[in-house]
Amino acid sequence: MDKMNNPTDSPPTLVGLIAIALLALLTQLTAPNSAVAQVRPGDVITPNNAYKARELVSPGVYLRITHGMSMQIVPTERIEWPPPYREATEKYSSQVRLSNDHRSLVGYVAGLPFPFIDPNDPSAGTKLMWNDTFRPTSTDDYDARDFSCITEYAGLNRPYAPIDYYEFGHLASYNLVGRTEVEPMPTDPDFLSTGRLMLMGQYPFLAPQEDRGRGFVRYRYADPLKGDDTWGWMPGNRRVRRLGEAFLGSSAGAITWSLDNFQGFAAKNENYNWRLLGEKPMLASIAAAHVPEVTCPTDGGASACPERWEMRQMYIVEGRARMDRVPGELFGRHVMYLDAEAQCIMYQDFYNRAGELWKNYLTWMAYRDRAVADAHVAIYPFKRVFQVGASIDDLTAGFATMCYLPAQDTTERESWYINMGAVDKSFFTVRAMTEAAP
């Protein structure tokens, strides 16, 4: 009897199919091609041989190399999802689809919404961005404590001369949908009455002194037509201010970050048109060696280097703002580079409305069972991905803001508390934000 027609043979499970797909991705990483063949584990990429990596990074990352950032090439490591997340993907992903207008999710409960991406699907880009929204790095809640962001002039062999230093008490988030490790699972009952999809908070600012006590609280809603609710606490007049959506994507002064730039992309997916541009092996730093991250000595401190980079299978997704939804959008387009295993943005190039490259976002990740080696509380029964550094380089103005998670001089020795119930909904209130201000 033909084995394919044997009714006693069970069809492969979703987990089995995912494993097959991941194996195929790793095969592509090791397949010979002219670009990949130019870099091998053990190589060090510097401005002197940047040409070797030109086809393996985004245009913005390539410029960073020419401006002084270096890379230590290491073997590719497979990234496993946390078991609860993998199980939720197997259980629920088959029922997930896009809405009739191809913008919103329908039927999502938990796990990765779209574990299989067809590159010929016109909605592939939108699906990938929803995968990033519900990525496996943190599904329930996280609290990144005591991190810092330092703005400096960037350039090849430029002396390290910080312009601004910012330090923050907390960067935190709480998901009401897609929960896999902390009760209530998989959905917080509050979602049914408020429609809030996730809560975000960043407070209090600890430095500089003129911003000490400042903070932000932000609510994201499942309704595609309902914008985010955001409140800011301003220490100068000690008042709470309601912030419009145009403010969320803007940055002021020397700092290059905005509230929409955290974790790669933090704006509302439905406000953008997404398109998959391609998929190919590229370099990314997803198994960083240093915590806290090191300040690059050869680019003015604009990045973390030397640091470990490896070949990864990456999706390239373009996003253009819907001007009816985001009329104040600064950028003509965003180009995201997402890791196909970790399902998160590793770097992003921002283009202005004239089509010129303007900024580059870059993150350094670590993959282990704890964020810092001497952790005593935030230790996990499996490996997970932590962000240990991130930077946005304004490639036209010549300065960058490098963030360290945790800060280099902090006494906080746990850094990341992910899916531990470290923050609950009470943290994301205006009252809690104002009471935390010095």
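The values are calculated or read from the model by the stated rules, or taken from the named source; none is laboratory data. Because the structure is a prediction, the values reported are computed rather than measured. Cβ atoms come from the backbone with ideal geometry, glycine included; neighbour counts cover every protein chain shown. To get the accessible areas, we keep the full protein, side chains included, count just its heavy atoms, and leave off ligands, DNA and RNA. Shrake-Rupley method; radii C 1.70, N 1.55, O 1.52, S 1.80 Å.
Go through Arg320, Arg312, Arg275, Arg325 for me and flag whichever is among the basic types (Lys, Arg) and assigned to a loop (DSSP other than H, G, I, E, B). Outline the logic, then answer.
Working: Arg320 fails: assigned to a loop (DSSP other than H, G, I, E, B); Arg312 fails: assigned to a loop (DSSP other than H, G, I, E, B); Arg275 fails: assigned to a loop (DSSP other than H, G, I, E, B).
The unique qualifying residue is Arg325.
Which members of the stretch 207-232 meet the condition of being touching a residue at least 60 places away in the same chain (Cβ under 8 Å), more than 15 Å from Leu243 (Cβ to Cβ) and either open to solvent by 20 Å² or more (accessible area, probe 1.4 Å) or not in a loop (DSSP other than H, G, I, E, B) (or both)?
Within the stretch 207-232, Arg212, Ala222, Pro224 meet the criteria.
Six or more apart or on different chains, Cβ under 9 Å: which pairs go from a residue in the stretch 64-76 that's more than 14 Å from Asp43 (Cα to Cα) and open to solvent by less than 30 Å² (accessible area, probe 1.4 Å) to one that's in a strand (DSSP E or B) and of a type in the set (S, T, N, Q)? Could you list them?
Here the result reads Arg64/Asn360; Arg64/Ser391, each pair linking the stretch 64-76 to a residue that is in a strand (DSSP E or B) and of a type in the set (S, T, N, Q).
Would you please list the contacts, defined by Cβ atoms under 7 Å and residues six or more apart or on different chains, that run from a residue in the stretch 106-133 that is under 15 Å from Glu279 (Cβ atoms) to a residue that is open to solvent by 20 Å² or more (accessible area, probe 1.4 Å) and among the charged types (D, E, K, R)?
Taking only residues 6 or more apart or on different chains, the pairs are Phe114/Lys127; Ile117/Lys127; Pro119/Glu279; Ala124/Asp118; Gly125/Arg275.
The rows are residues; the columns are (1) closer than 13 Å to Pro281 by Cβ; (2) modelled with pLDDT of 95 or more; (3) surrounded by 24 or more Cβ atoms within 10 Å (Cβ to Cβ).
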{"residue": "Ser303", "(1), (2), (3)": "no, yes, yes"}
{"residue": "Arg312", "(1), (2), (3)": "yes, yes, yes"}
{"residue": "Tyr315", "(1), (2), (3)": "yes, yes, yes"}
{"residue": "Gly319", "(1), (2), (3)": "no, yes, no"}
{"residue": "Arg325", "(1), (2), (3)": "no, no, no"}
{"residue": "Gly328", "(1), (2), (3)": "no, no, no"}
{"residue": "Arg333", "(1), (2), (3)": "no, yes, no"}
{"residue": "Tyr337", "(1), (2), (3)": "yes, yes, yes"}
{"residue": "Ala342", "(1), (2), (3)": "no, yes, no"}
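Looking only at the stretch 372-402, filter to residues that are touching a strand residue (DSSP E or B) at 6+ places or on another chain (Cβ under 7 Å), open to solvent by 40 Å² or more (accessible area, probe 1.4 Å) and of a type in the set (Val, Ile, Thr); which one of those is farthest from Ala287 (Cα to Cα)?
Across the stretch 372-402, the extreme among qualifying residues is Thr396.
Scan the stretch 408-438 for residues that are among the basic types (Lys, Arg) and either in contact (Cβ under 8 Å) with a residue 40 or more places away in the chain or surrounded by 16 or more Cβ atoms within 10 Å (Cβ to Cβ) (or both) and jot them down.
Pass one, the stretch 408-438, residues among the basic types (Lys, Arg): 413, 425, 431.
Within the stretch 408-438, Arg413, Lys425 qualify.
So, of the residues in the stretch 134-179 that are of a type in the set (S, T, N, Q), closer than 18 Å to Asn261 by Cβ and buried (at least 21 other Cβ atoms within 10 Å of the Cβ), which turns out to be nearest to the chain's Cα centre (by Cα)? Outline the logic, then answer.
The initial filter retains those residues of the stretch 134-179 that are of a type in the set (S, T, N, Q), namely 137-139, 148, 151, 157, 173, 175.
Okay, now just the ones that are also closer than 18 Å to Asn261 by Cβ, so 137-138, 148, 151, 173.
Of the ones still in play, those that are also buried (at least 21 other Cβ atoms within 10 Å of the Cβ) are 137-138, 151, 173.
On the way: Thr137: 9, Ser138: 10, Thr151: 20, Ser173: 13 Å.
That would be Thr137.
Yes/no matrix, rows are residues, columns are (1) touching a Lys or Arg at 6+ places or on another chain (Cβ under 8 Å); (2) within 19 Å of Phe265 (Cα to Cα):
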| residue | (1), (2) |
| --- | --- |
| Glu293 | no, no |
| Ala304 | no, no |
| Arg322 | no, yes |
| Pro327 | no, yes |
| Met346 | yes, yes |
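From (1) modelled with pLDDT under 95; (2) surrounded by fewer than 20 Cβ atoms within 10 Å (Cβ to Cβ), pick out the condition that doesn't hold for Lys91.
(1)
Just checking, does the stretch 357-368 include any residue being of a type outside the set (S, T, N, Q), within 24 Å of Thr76 (Cβ to Cβ) and more than 16 Å from the chain's Cα centre (by Cα)?
Yes, the conditions are met somewhere in the stretch 357-368.
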